[in-house]
1. How would Lys185, Lys241 line up from fewest to most surrounding beta-carbon atoms within 10 angstrom?
2. On a C-alpha basis, how far is the centre of the stretch 51-89 from the centre of the stretch 189-215 in Å? Whole number, if you could?
3. How many times 2.2 N^0.38 Å is the alpha carbon radius of gyration of the chain?
4. Which ³J(HN,Hα) values, rounded to whole Hz and listed in residue order, are derived for the stretch 235-252 from phi using the Karplus coefficients 6.51, -1.76 and 1.60 in 6.51 cos²θ - 1.76 cosθ + 1.60 with θ = phi - 60°, glycine and proline given as x?
5. Excluding residues fewer than 8 places away in the same chain, name every one of the aspartates and glutamates whose C-alpha is closer than 15 Å to that of Lys256.
6. Please report, in whole Å³, the volume per residue of the convex hull around the C-alpha atoms of the stretch 25-150.
7. Pairing the Cα long axis of helix 122-134 with the longest principal axis of the chain, what angle in degrees results, from 0 to 90 and rounded to the nearest 10?
8. By counting other Cβ atoms within 10 Å of each Cβ, how are Ser82, Ser227 ranked from fewest to most?
Amino acid sequence: MRMRLLTLSFAALSMLAPGFASSSGQQPDPSARGRLVVSAAWLRQHAADPNLVLLHVGNRTTYDAGHLPGARYVDGSTLSISQSPEGLTLEMLPAPVLRENLAALGVSDTSHVVVYESDGMWAPSTRVMLALDYAGLARVSWLDGGQNAWVAAGGPLTAAVPPVTRGRLSPLTLHAVVVDAAFVKAHLHQPGYAIVDARSPAFYDGTRTGGRPPQEHKTGHIAGAISVPYDSFTTGDAVLKPQEQIAAAFDKAGVKAGDTVVAYCHIGQQATATLFAARILGHRVLLYDGSFEDWSRRDLPVDGPAAKR
């Protein structure tokens with residue numbers, strides 16, 4: 001367990017607030033989508049709100065050529081560790097560093113942060129969403145359709161980089177949304193939990209193997225995990241599908257109403273897209289941040305061709 005992070009392990013389960021681990025009677029919350037997602041029309045109406053902070057997730061060249069007025073650029077290293085001391089590719093930042101980076105973006109206790117994507121960066125934008133949830137920020141939304149939707153709604157773009165006033169952000173009260181391998185192992189067959197592989201089906205079924213030489217991942221998936229691919233929830237232009245279609249993707253995989261969804265992928269990015277979709281259905285969500293990279297290095301059980309090696 002990485003002590004610098006608020007990482008939820010099986011041993012730490014008893015320290016959670018009462019009711020966190022229990023999913024009995026929980027029903028998907030139909031109002032969750034309204035709290036987590038805003039439209040381009042809404043954003044045009046609120047673009048001048050003094051507490052609004054816009055975060056652009058996409059290619060730097062796109063941002064430099066034209067972005068939403070007032071938006072700050074966020075890349076993969078702003079809110080995550082690109083390479084952890086344990087050698088994992090993408091991990092949550094320590095709380096003091098995360099707070100510092102958020103404040104440098106202009107985020108304050110009173111901010112309403114809106115994350116939007118460009119260049120088809122659906123999963124990187126949801127990784128930012130999860131990092132903000134992990135930081136304990138209360139008002140965070142995702143712009144449906146991203147920059148393209150803004151332009152289609154008549155919104156302007158600018159190449160001007162806004163001056164940023166440092167935010168006034170209290171010490172973070174972290175939200176326990178990150179778990180480790182021990183937690184995943186302990187909850188693989190526990191009622192009320194769904195361990196979800198968010199990678200493309202070819203990686204789940206073992207047709208393809210992830211990772212890069214000389215550290216390829218195992219072939220197959222975590223033994224007992226189910227498949228809910230990260231790209232099941234948006235159209236090609238990064239617009240969220242209707243609620244019933246999102247629910248159908250989880251229903252097909254066997255995720256039940258009230259389940260806590262624990263997701264992993266290659267390194268902990270694509271999984272956040274599946275978790276965001278689960279959140280807008282009202283599910284509690286947890287990220288196995290080390291994901292299949294960590295599981296493979298630990299030589300833990302898999303289903304698929306690797307299990308026969």
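Throughout, read-outs are computed from the coordinates displayed, never taken from laboratory work. The structure presented is a predicted model; accordingly, all values stated were derived computationally and were not measured. Positions of Cβ are generated from backbone atoms using ideal geometry, with glycine treated the same way; all protein chains shown enter the neighbour counts.
1. Details: Lys185 18, Lys241 15.
In increasing order of surrounding Cβ atoms, one gets Lys241, Lys185.
2. A separation of 26 Å, based on Cα centres.
3. Cα-based Rg divided by the globular estimate yields 0.97.
4. Taking θ as phi minus 60°, the curve returns 7, x, 9, 6, 9, 4, 6, x, 4, 5, 6, 5, 4, 4, 5, 6, 4, 4 Hz for the stretch 235-252.
5. Reachable aspartates and glutamates: Asp29, Glu244.
6. Normalising the Cα hull of the stretch 25-150 by residue number yields 134 Å³.
7. Here the helix axis deviates by roughly 90 degrees.
8. Taking fewest neighbouring Cβ atoms as first place, the list is Ser82, Ser227.
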